[in-house]
Amino acid sequence: MYRIGQGIDFHKLVEGQEFWLGGILIPHTKGALGHSDADVLLHAICDALLGALSLGDIGQHFPDTDAAYKGIDSKVLLAKSYHLVCERGYRLVNVDSTILLQAPKIRKYVDEMRQTIADILSVSADDVSIKATTTEQLSFVGREEGIVATANVLLMKTN
């Protein structure tokens, strides 16, 4: 049996914040603002994993009203989300994701992000796709006011 999940996350970009994306710190003058480290890509993958099994969303499991999650590394949230999936007898087949971001260009970081995510999800980096696009300077993304990530996952029943 297979299950498909889709996730999306948005965060505002602000000066002086660290910029975490795909589990790695990327040098940039702006970073995403959020209760955790605001890693939109990992948050979108969490929502896709949870959604595939009708387990709610990241805010339900890790609410921004809970001080325990203040500043938390989103790699921890991804691991916890995947643990919920594995507890139900599923494993990840693959992830396909897209990041909408005007700047910085992230191509040189994609392989490291893929490997970081693959390590957390116990798959090969070949099973993790990360694409990026600008919005051609349109919308809040194009004005460098925010970042968006989408993710789709395929899960397979293992027992």
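Odds and ends about this structure:
- Residue selected from the stretch 1-13 under the condition charged (D, E, K, R) and more than 13 Å from the chain's Cα centre (by Cα), by the criterion least open to solvent (accessible area, probe 1.4 Å): Arg3
- Scanning the stretch 1-56 for residues that are in contact with a helix residue (DSSP H, G or I) (Cβ under 7 Å, 6 or more places away or on another chain), more than 16 Å from Val148 (Cβ to Cβ) and among the charged types (D, E, K, R) yields Arg3, Asp37.
- Residue within the stretch 124-138 that is within 20 Å of His35 (Cβ to Cβ) and either hydrophobic (A, V, I, L, M, F, W, C) or open to solvent by less than 30 Å² (accessible area, probe 1.4 Å) (or both) present: no
- Lys80 meets all of the listed conditions (1) touching a residue at least 24 places away in the same chain (Cβ under 8 Å); (2) open to solvent by 20 Å² or more (accessible area, probe 1.4 Å) but one, namely (1).
Residue-by-condition table, conditions (1) surrounded by 18 or more Cβ atoms within 10 Å (Cβ to Cβ); (2) touching a His at 6+ places or on another chain (Cβ under 6 Å); (3) closer than 16 Å to Met113 by Cβ:
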position	(1), (2), (3)
Glu15	no, no, no
Lys30	yes, no, no
His35	no, no, no
Leu41	yes, no, yes
Leu50	yes, no, no
Leu55	no, no, no
Asp66	no, no, no
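- Listed conditions (1) open to solvent by 30 Å² or more (accessible area, probe 1.4 Å); (2) among the aliphatic types (A, V, I, L, M); (3) at pLDDT 95 or above; (4) over 16 Å from the mean Cα position of the chain (by Cα) are all met by Leu155, apart from (1).
The values are calculated or read from the model by the stated rules, or taken from the named source; none is laboratory data. Because the structure is predicted, anything quoted here is derived from the model rather than measured. Virtual Cβ from ideal backbone geometry, glycine too; neighbours counted across all protein chains shown. Quick note on the areas: whole protein, heavy atoms, side chains included, nothing else; ligands and nucleic acids left out. Shrake-Rupley method; radii C 1.70, N 1.55, O 1.52, S 1.80 Å.
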